[in-house]
1. In debye to the nearest 20, how big a dipole does the chain give about its Cα centre with +1 on each Lys and Arg Cβ and -1 on each Asp and Glu Cβ?
2. Percent relative contact order of the range 125-204, based on C-alpha pairs within less than 8 angstrom and at least six residues apart?
3. For n ≥ 4 DSSP H runs only, could you compute -39500 (n - 2.57) per run for the chain, divide by its residues and tell me the 222 nm figure to the nearest 500?
4. May I ask you to derive the relative contact order of the range 204-252, considering only C-alpha pairs under 8 Å and at least 6 residues apart, and to give it as an integer percent?
5. Considering only DSSP states other than H, G, I, E and B, which trypsin sites (Lys or Arg not before Pro) in the range 56-97 qualify as loop sites with at most 12 other Cβ atoms within 10 Å?
6. Could you tell me the relative contact order of the chain? Use alpha-carbon pairs under 8 Å, at least six residues apart, and round to a whole percent.
7. Where the centre of each part is set by its Cα atoms, how far does the range 68-101 sit from the range 7-60, in angstrom?
8. Only Cα pairs within less than 10 Å get springs; with that Gaussian network setup on the chain, which residue of 230, 99, 26 has the largest fluctuation?
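Every read-out reported here was derived from the displayed coordinates using simple, explicitly stated rules and does not represent laboratory data. Bear in mind that the values here come from a model prediction, so they are computed numbers and not experimental data. Heads up, the Cβs are rebuilt from the backbone with ideal geometry, glycines too, and the neighbour counts pull from every protein chain shown.
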Amino acid sequence: MAAAEGDDANKPAEVFDRDYEWSELDRFVSYPGAEATLGVISGRRRQGKTFLLDAVCRARGGFYYAATQATEAESLHQFGAALALHLGEPAPRRFAGWDEAIDVLMTPAGSGPVPVVLDEFPYLAKASPQLPSLIQRALGPQGRRHGTPVRLLLCGSALSFMGRLLVGNAPLRGRASLELVVPTLDFRLAKDFWQITDPRLAFLVHAVVGGTPAYRREFTLGDAPGSMDDFGPWVVRNVLNPGRPLFREARFLLAEEPDLRDTALYHGS
């Protein structure tokens, strides 16, 4: 997996804002050291993490893999197929286990730094709890002897799980060179993202849906209130309408956190 040659990658025009996040990612993946490095990326769903990481991999010639909820065997098969496609190989790679897969992943072709992204990492680790330990081994003295400049990025939306990766006695504690949380857009950025010129209207929209980028297009199909008079009808069309995803979004957000057992308090507030 050879990295792209050239100077620092520029942020693609289609990436709205995220200047800080992009600069940190680009700094991490372009680090010229010969050793492998680890970065952990987290944030709630629909904030644009996947969009950012995919853009970084495309800019730097890296490998991006998005995991799914699957068994270990299914995940290894999907991973092998994705890796073969990335390398231009005619048949999927076959791995007996994640120890073999991680060894291959951490031994790229070429000499320059290359980003490797494992997105939705909690899905992989749930099916294969040994994965963090295998990555720890690959980042340790044994892995450093091979001099592999992989810039490994683990990404996930389950905040409680991702937060535990680097704390206490966790295998990856002290291994990360980057720990980046991708937040929601603040009021001013959300105002520009929604292309709303009236500050009062922008404030009301932000009060209802916050600064999650996906709500602008995927969840409302680009439907933004055109004026203060349209705000009420817009809420009815998109938030109080049981046929639209925003209607059930609150309960889905709570369901994404496996550590939350009693959600009555959140629904009550």
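1. Magnitude of the dipole: close to 400 debye.
2. Numbers: 34 pairs, mean separation 16.7, N = 80.
Reported as a whole number, the value is 21 percent.
3. Numbers: 14 runs with 118 residues, N = 269.
Per the formula, -12000 deg cm²/dmol.
4. Numbers: 25 pairs, mean separation 12.4, N = 49.
Reported as a whole number, the value is 25 percent.
5. Values: sites: 58, 60, 93, 94; in loops: 93, 94.
When the trypsin sites (Lys or Arg not before Pro) of the range 56-97 are filtered for loop state and at most 12 Cβ neighbours within 10 Å, 94 remain.
6. On the way: 403 pairs, mean separation 61.9, N = 269.
Relative contact order comes out at 23 percent.
7. The range 68-101 and the range 7-60 have Cα centres separated by 24 Å.
8. Maximum among the listed residues: 230.
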